[in-house]
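Participant: Here you go, one structure.
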Amino acid sequence: MKVRISGIGALCACGLDFTTATAALFQDRRDPVPARRFKLDHPLPYPVFELPPSTLDAPDENQPWLRTSRLAVNAARAALADSSWEEIDTTAPNLSQLKVGVSIGTTVGGSMNDEKFYRDFREHKTPELQPITRYLQSNPAAVVAEVFNLHGPQLTVVNACSSGTDAIAIGTEWVKSGLCDVVLAGGSDELCRVTCNGFISLMINSTQPCRPFDEDRNGLNLGEGAAILVLESDNIYRQRRISRAENEQTLPQAFIAGSGSACDAWHLTAPHPEGRGLRRSLQLALDDAKITADKIAFINAHGTATKNNDLTEGKVLKEMFPETPYFSTKGHTGHTLGAAGALEAAFTVAMLQTHKIPRSSGFHKIDPEIGHAPTSSAQTVNGSFALSQSLAFGGNNSALIIGLEESLN
Amino acid sequence: MIPLAINGIGPVGAFGAGMADFKAALAGDIKIKPEITRITTRNGDHDLPVFRADSKPLAQFIKPRKLRRLDNFSRLALFGTVLAVADSGMDLEGSQTGLIVASAHGATATTFAFLDSVIDDGDALASPTLFSNSVHNAAASHIAEHFTITGPTLSLTQGANSLTMALITAGQWLAGERVETVLCGVIDCYCDVLGYCWQSYREQSKTTKLNPAAGPGEGALFLHLSRARRSDPKPRYGYLKKVAPDNEESPVNLPFTISHSHCSKPLSSDSETYLKLTPAKNQPQVDLATICGDLPIPSSFDLAAAAAPLPDRPLPEQSSL
């Protein structure tokens with residue numbers, strides 16, 4: 001069964017809506033700066049890609065949910081609008097009549113780590129439970145299901161940096177197996193002081209704008225954002241085609257062609273040096289899509305700009321996809337952790353539909369150890385398949401292949 | 001959903017480790033001794049009984065040198081998987097195996113220990129080891145490394161429904177033939193912050209009668225699952241035939257009921273939905289709160305209890321809790 005991508009909603013540092021964010025990837029402007037919403041105390045500043053100021057900045061204290069869940073709701077709302085689900089046609093099914101699941105990846109959104117609460121607890125101040133209650137109410141998948149009154153399965157994936165990719169792959173399986181008719185799948189993560197300090201402690205953050213795959217790369221910039229894809233069964237999609245006719249005329253339709261996931265089983269914080277799990281996940285995705293590597297038009301790589309990630313990833317791409325253009329979008333978004341795979345899958349859909357890919361922002365000089373350069377300028381691409389991949393802390397490797405159907409027959 | 005063969009179960013909790021200990025506890029042969037922990041809330045000091053699990057026996061299976069960088073959360077999770085594999089009598093080597101680790105709250109003790117390093121030593125001296133182990137999927141990484149699991153690994157958190165979603169995913173992986181075997185289970189650990197929250201929520205509750213013998217628990221429960229095939233011998237613990245999210249309610253009649261009567265909402269959940277689905281009123285009842293303490297994923301040890309009935313022994317009497 002074909003699993004359609006009928007709508008996308010996304011927000012990140014380069015845009016509070018998906019159209020703006022995608023357009024920004026083709027511009028040279030990028031400006032990571034020290035976090036606006038919290039302070040870090042380090043000898044050097046570590047720039048991050050924070051969302052532009054908006055109503056989403058309201059302090060958690062005044063909100064029922066953590067920022068991560070609010071970002072997910074924002075992206076889900078945009079995705080549902082993009083997929084025309086709000087236009088209820090009495091002759092077509094509506095969401096309340098269907099099995100609609102929610103599968104969302106996150107890191108921060110699943111963590112009980114309120115720093116103020118804990119400082120008070122340490123000082124025997126018997127703190128109010130409000131931050132804990134907010135955390136308990138903020139499971140991202142449960143919040144999205146509650147807001148949009150969805151009654152299917154809910155799953156919050158916490159696979160670190162591959163969470164968004166894995167959440168989409170799982171949502172795809174739910175549709176394929178008939179467990180769901182429609183799934184809101186993606187990822188969401190906020191910038192958080194605790195996480196920033198954690199990454200800095202691992203000495204993998206850069207004090208400059210990140211340079212994925214560049215010889216002189218020296219670490220990542222953290223970011224925040226969310227992306228939600230509306231996945232639906234071919235059957236449901238065709239039933240409501242009539243209300244989507246206008247959209248169909250403008251863009252070819254995308255679908256999830258395949259997915260693969262494999263673990264390095266190697267080390268907690270370092271990828272396998274030969275990319276054992278990544279190779280396997282890529283091959284599994286190709287097999288699932290029933291295509292060969294030469295059918296992939298381009299690759300939206302993980303490309304964090306850490307020494308280890310980019311070396312492993314670059315070497316595997318050189319070997320498995322020697323002629324295929326690849327790039328990282330993290331030079332514009334930062335590493336959005338649990339949202340990264342979802343944001344990148346969303347960008348991949350848009351680029352496949354418009355046949356345009358951007359330069360790999362931050363890249364200037366080829367790394368001889370990798371011996372394979374990402375895109376150095378925007379390009380036109382042809383083809384019906386593209387790859388979006390994630391490597392994660394803990395050794396997870398996950399890949400999605402997005403397909404394009406020029407006409408819906 | 002295809003039927004899933006339950007080949008092995010690895011429980012670790014206040015009752016001990018392994019199915020023999022768990023069955024003995026169900027039969028009332030093991031006296032559970034909760035650890036008494038002093039918790040101070042707005043209402044004063046409380047001696048809270050905490051149902052702790054002991055990961056030290058894991059050293060019988062794995063060299064201490066390999067365990068030294070693992071926190072208690074990862075050790076208990078690893079212990080649960082080691083026991084499940086041993087209980088199955090099967091070897092994972094050469095098998096395409098997937099791994100699913102579900103937790104309601106993750107490695108909270110390690111997260112707060114990391115915050116201790118930030119508060120005590122400053123942002124610039126935060127502990128990288130504590131941060132690494134605080135990440136939700138650290139336990140899965142350690143387990144995958146130990147067993148060389150190169151299939152898909154999934155860490156998830158979905159509150160009280162975490163085990164349900166883990167089992168649904170395991171079923172999908174096996175039905176889709178992505179893997180031949182899945183190690184699937186839950187892990188949650190106690191820390192004093194959770195103890196404070198547990199007691200404070202209990203005190204705020206208007207409807208729950210406080211019982212001094214009730215307390216939070218911790219533990220791991222892992223299953224060795226495979227696709228049920230006609231040609232295979234009957235699996236040790238039978239089959240999982242249906243797993244449904246809790247909003248798919250259809251009543252069933254069961255020979256006995258497993259309940260959790262002493263939860264601290266919203267930090268943990270009782271068996272409200274479960275009991276609604278088991279309309280018969282007079283069947284024997286097991287209250288796992290007396291064996292495991294109050295766990296944030298109440299269905300975890302229910303499954304072990306349901307899979308391992310005691311045909312030659314009466315069920316223990318309803319707890320005095």
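Participant: The conditions are (1) part of a loop (DSSP other than H, G, I, E, B); (2) touching a Cys at 6+ places or on another chain (Cβ under 8 Å), and B:Y190 fails exactly one of them. Which is it?
Facilitator: Evaluating B:Y190 over (1) part of a loop (DSSP other than H, G, I, E, B); (2) touching a Cys at 6+ places or on another chain (Cβ under 8 Å) leaves (2) as the failure.
Participant: Which members of the stretch A:101-117 meet the condition of being farther than 15 Å from A:L136 by Cβ, more than 9 Å from chain B (Cβ to nearest Cβ) and charged (D, E, K, R)?
Facilitator: Once the filter is applied, which keeps residues that are farther than 15 Å from A:L136 by Cβ, more than 9 Å from chain B (Cβ to nearest Cβ) and charged (D, E, K, R), the stretch A:101-117 yields only A:K116.
Participant: Suppose the filter is polar (S, T, N, Q) and in contact with a helix residue (DSSP H, G or I) (Cβ under 6 Å, 6 or more places away or on another chain); does A:S111 pass it?
Facilitator: Criteria not met by A:S111.
Participant: For residues that are within 7 Å of chain A (Cβ to nearest Cβ), surrounded by fewer than 21 Cβ atoms within 10 Å (Cβ to Cβ) and within 23 Å of the chain's Cα centre (by Cα), scanning just the stretch B:117-149, find the one that is nearest to B:S74 (Cα to Cα).
Facilitator: B:E145
Participant: Count, please, the residues in the stretch A:8-47 that happen to be part of a helix (DSSP H, G or I) and either without any contact (Cβ under 8 Å) to a residue 24 or more places away in the chain or within 14 Å of chain B (Cβ to nearest Cβ) (or both).
Facilitator: As a first pass, look at the stretch A:8-47 and keep what is part of a helix (DSSP H, G or I): A:18-24.
The next check asks that each one be either without any contact (Cβ under 8 Å) to a residue 24 or more places away in the chain or within 14 Å of chain B (Cβ to nearest Cβ) (or both); those that pass are A:19-20, A:23.
Total meeting the criteria: 3.
Participant: Right, here's the next one. Taking the residues in the stretch B:210-268 that are surrounded by fewer than 18 Cβ atoms within 10 Å (Cβ to Cβ) and within 14 Å of chain A (Cβ to nearest Cβ) as candidates, determine which candidate is modelled with the highest pLDDT.
Facilitator: It comes out as B:K242.
Participant: Right, next: Are any residues in the stretch A:287-308 in a helix (DSSP H, G or I) and within 23 Å of A:G394 (Cα to Cα), and if so, which ones?
Facilitator: Going residue by residue through the stretch A:287-308, those that are in a helix (DSSP H, G or I) are A:287-289, A:293-295, A:307-308.
Selection gives A:K307, A:N308.
To keep it simple, each residue is scored yes or no on (1) within 28 Å of B:Y201 (Cα to Cα); (2) within 14 Å of chain A (Cβ to nearest Cβ); (3) free of Cβ contacts under 8 Å to residues at least 60 places away in the same chain.
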| residue | (1), (2), (3) |
| --- | --- |
| B:I6 | no, no, no |
| B:F15 | yes, no, no |
| B:G18 | no, no, no |
| B:G44 | yes, yes, yes |
| B:P49 | yes, no, no |
| B:A53 | yes, no, no |
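Participant: If you go through the stretch B:162-180 one residue at a time, how many are outside any helix (DSSP H, G or I) and at the interface with another protein chain (Cβ under 9 Å from one of its Cβ atoms)?
Facilitator: 2
Participant: Kindly indicate the residue of the stretch A:215-241 that is surrounded by 22 or more Cβ atoms within 10 Å (Cβ to Cβ) and touching a Lys or Arg at 6+ places or on another chain (Cβ under 6 Å) and also farthest from A:A270 (Cα to Cα) among those meeting that condition.
Facilitator: Among those that are surrounded by 22 or more Cβ atoms within 10 Å (Cβ to Cβ) and touching a Lys or Arg at 6+ places or on another chain (Cβ under 6 Å), it is A:Y237.
Participant: May I ask you to list the residues in the stretch A:118-134 that are more than 9 Å from chain B (Cβ to nearest Cβ) and in a helix (DSSP H, G or I)?
Facilitator: A:D120, A:Q130, A:P131, A:R134
Participant: Same structure again: Scanning for something within 19 Å of the chain's Cα centre (by Cα) and over 26 Å from A:V183 (Cα atoms), does the stretch A:52-72 turn up at least one residue?
Facilitator: Checking the stretch A:52-72: at least one residue is within 19 Å of the chain's Cα centre (by Cα) and over 26 Å from A:V183 (Cα atoms).
Participant: While we're on this one: Could you say which residue among A:L352, A:L311, A:L317 is at pLDDT 95 or above, in contact with a Leu (Cβ under 8 Å, 6 or more places away or on another chain) and part of a helix (DSSP H, G or I)?
Facilitator: None of the others qualify; the one that does is A:L352.
Participant: Now, a different point. Residues being within 13 Å of chain A (Cβ to nearest Cβ) and touching a strand residue (DSSP E or B) at 6+ places or on another chain (Cβ under 8 Å): count how many of those fall in the stretch B:82-114.
Facilitator: So the count comes out to 11.
The values are calculated or read from the model by the stated rules, or taken from the named source; none is laboratory data. Being a predicted model, the structure only gives us computed values, none of them experimental. So basically every Cβ, Gly included, is an ideal-geometry build from the backbone, and we count neighbours across all protein chains shown.
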